[in-house]
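Asks: So that we are looking at the same thing, I have put the structure below in structure tokens.
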Ligand code: ADP
């Protein structure tokens, strides 16, 4: 009911009407008063002024005849009462003794005369005293509560003063009536203003209320209901503008939301960890990768100092000027994390953003690369040194060495050269497999036949060493897809190792089988076995449990690495299987359908 705009409108209208009425009232009463006063003095001037000499002359001649009681004058004045405006109530005439000022006669009693001597009466008495009939008391005093005119009438020895007095009762009555009318008008005006304020507030406040409700809906996220534009006035324009603004806001919010979703998805799925801290060093954001890398579930209670204080102090980070950033490294649970730290705002209320990158593999690869290069150099240097020293011996002997010994030296040189060729070939194979340049020539072939041919190829070597080489049932093995010659190379390597690393007269057994999707082959021996500590590493390049023994038997330490690469290219696995008693079991598993697309 008392909505503020309604109240304001009502107050404004009330003030307007009240002030209007006050002005009108003041203007009317002043105008009426001055009109009445002017009319009075004009009337008096008409009767007693220069232009009315007859009337004054008749009064003078009557005065000359008068016996001093003023009765004659009374008759004349009574006869002219209408023209003088005498109403016997507010306006009266009085005949006064010109010398004493005593009341002689009049239209009202002496008690109606003003108590104080009026200035006009004094002027007239002065005129009588100086025998100057032209001195008439007709000064108007707007502040006085009466109006009067005093005319000296000198006739013979007699001297009278005709005193016309108006006590302004008529003006007061009129003003009272005016005041009542103005008051009534004011009351009616007030009622109208209340009504008008209702109407105005209904037409103005209604649309504003709708706008307010619309704004509340928009603030709550409801952009769908546009406000109807019901008029062409300012409120209509405002409603239209509001609808446009809501539309723009909706689009902007959608764009911002979209951007945020994109960023969220990015943060969620990126492999690098991202952690952000506010200007107080409290965590405000982190992605799952960061939790994994730091091995703890981060929440907003975590602080910068606690997590990264050991790398850089928070103040140092905040004082960095964009686009500068800092790099650091830390080790968490044996994993090496590379850190990129940057302040994300130049302003005081910025913070610090940290990107975590797991470089453990990178470091390991680097280590492996160094180790590999060292191994390659070492592997090649040994045969080269041998070749050189035997060749030098032959050269230095000048033909003194017996033919047989020289031939032995040359055989060693050839063997060492073969060894080097072997190593270089293996390295080349590995490098091709690494770079993906080796194309597999895929065919569908019998897994059993492949095993059988490898079995036969090694039978002689096994026999030479006095091994008992046996092969389990190869029936029911399916056809598989793969590069047969390379897979046979893998099997040769496994079986060759079993023969090599089993002391003479050992037992070597080949078994094979299949599941719905894969085939497997195991080669078990009762040889020297592989110590627990080396089991993980025998597939590494140049890794050999017993270097001397391996070299003796012509191994390069690259066989199993090549085998693993080939098997991986076939989407299969090669690993050491659990083994009972002394010896080793190597298991090869391959998918029947061949290498998968990835
Ligand atoms: P190498 O050319 O030296 O045989 P491999 O890569 O084929 O190289 O084998 C790596 C190492 O694994 C060998 O040096 C050997 O120490 C070990 N190894 C492989 N197979 C066997 C096995 N059946 N019994 C014992 N040790 C083996």
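Asks: For the residues 566, 401, what sequence is obtained by ranking on other C-beta atoms within 10 Å, fewest first? Write down the numbers at each step before the final one.
Replies: On the way: 566 22, 401 15.
Starting with the residue having the fewest Cβ neighbours, the order is 401, 566.
Asks: How far apart, in nanometres, would the label points at residue 253 and residue 568 be if each is projected 7 angstrom from Cα along the Cα-to-Cβ direction?
Replies: 5.2
Asks: Among rounded, prolate and oblate, which fits the stretch 352-502 when a ≥ b ≥ c are the square roots of the eigenvalues of its C-alpha gyration tensor, a/c under 1.5 means rounded, and a/b larger than b/c means prolate?
Replies: Values: a/c = 2.68, a/b = 1.16, b/c = 2.31.
Since a/c reaches 1.5 but b/c is at least a/b, the shape of the stretch 352-502 is classed as oblate.
Asks: For a Förster distance of 25 Å, can you work out the FRET efficiency between the beta-carbons of residue 213 and residue 19, rounded to the nearest 0.05? The partial results should precede the final answer.
Replies: Values: r = 36 Å, r/R0 = 1.45.
E(calc), rounded to 0.05, equals 0.10.
Asks: How much length is gained on full extension from residue 394 to residue 262, taking 0.36 nm per residue of separation minus their Cα-Cα distance?
Replies: This chain segment gains 40.0 nm when fully extended.
Asks: Let me ask you something else. Using alpha carbons only, how many degrees (0 to 90, rounded to 10) separate the axis of helix 234-269 from the longest principal axis of the chain?
Replies: 20
Asks: Here is a further query. So how far apart, in nm, are the two label points at residue 102 and residue 342 if each is 7 Å from Cα heading toward Cβ?
Replies: In this crude label model, residue 102 to residue 342 measures out at 12.2 nm.
Asks: Compute the long axis of helix 403-435 from its Cα atoms, compare it with the longest principal axis of the Cα atoms of the chain, and write down the angle in degrees, 0 to 90, nearest 10.
Replies: 30
Asks: Shape verdict for the stretch 536-596, please, from the Cα gyration tensor: rounded (a/c under 1.5), prolate (a/b greater than b/c) or oblate.
Replies: On the way: a/c = 2.95, a/b = 1.51, b/c = 1.96.
Here the stretch 536-596 falls in the oblate category.
Asks: Right, next: Between residue 535 and residue 411, how high is the FRET efficiency from 1/(1 + (r/R0)^6) when r is the Cβ-Cβ distance and R₀ = 41 Å? Nearest 0.05.
Replies: Numbers: r = 36 Å, r/R0 = 0.89.
E between residue 535 and residue 411, to the nearest 0.05, is 0.65.
Asks: What relative contact order, as a whole-number percentage, does the stretch 119-179 give when Cα pairs under 8 Å and 6 or more residues apart are counted? Don't skip to the answer; put the middle values down first.
Replies: Numbers: 93 pairs, mean separation 17.1, N = 61.
Result for the stretch 119-179 is 28 percent.
Asks: Relative contact order for the chain using alpha-carbon pairs under 8 Å, separation at least 6, rounded to a whole percent? Walk me through the intermediate numbers first.
Replies: Working: 822 pairs, mean separation 43.7, N = 598.
Rounded, it is 7 percent for the chain.
Asks: Something else about it: Determine the distance separating the Cα centre of the stretch 39-110 from the Cα centre of the stretch 186-260; give it in Å without decimals.
Replies: With the stretch 39-110 and the stretch 186-260 each reduced to a Cα centre, they are spaced 77 Å.
Asks: Right, something else. So, in nm, how far is label residue 463 from label residue 434 when the simple model puts each one 7 Å beyond its Cα toward the Cβ?
Replies: 4.1
Asks: Report the FRET efficiency, 1/(1 + (r/R0)^6), for residue 234 and residue 195, where r is their Cβ-Cβ distance and R0 is 22 Å, rounded to 0.05.
Replies: 0.40
Asks: Would you work out the relative contact order for the stretch 185-317, in percent, from Cα pairs under 8 angstrom that are 6 or more residues apart? Can you show the working numbers first?
Replies: Working: 85 pairs, mean separation 15.7, N = 133.
Result for the stretch 185-317 is 12 percent.
Asks: Something else now. May I ask for the angle, rounded to the nearest 10°, between helix 169-219 and the longest principal axis of the chain, with both axes built from Cα atoms and the value confined to 0 to 90°?
Replies: Helix 169-219 sits at roughly 10 degrees to that axis.
Computed from the coordinates by the stated procedures, all read-outs in this text should not be read as laboratory data. Model, not experiment: these values are computed from the prediction. We place every Cβ from the backbone using ideal geometry, glycine too, and count neighbours over all the protein chains shown.
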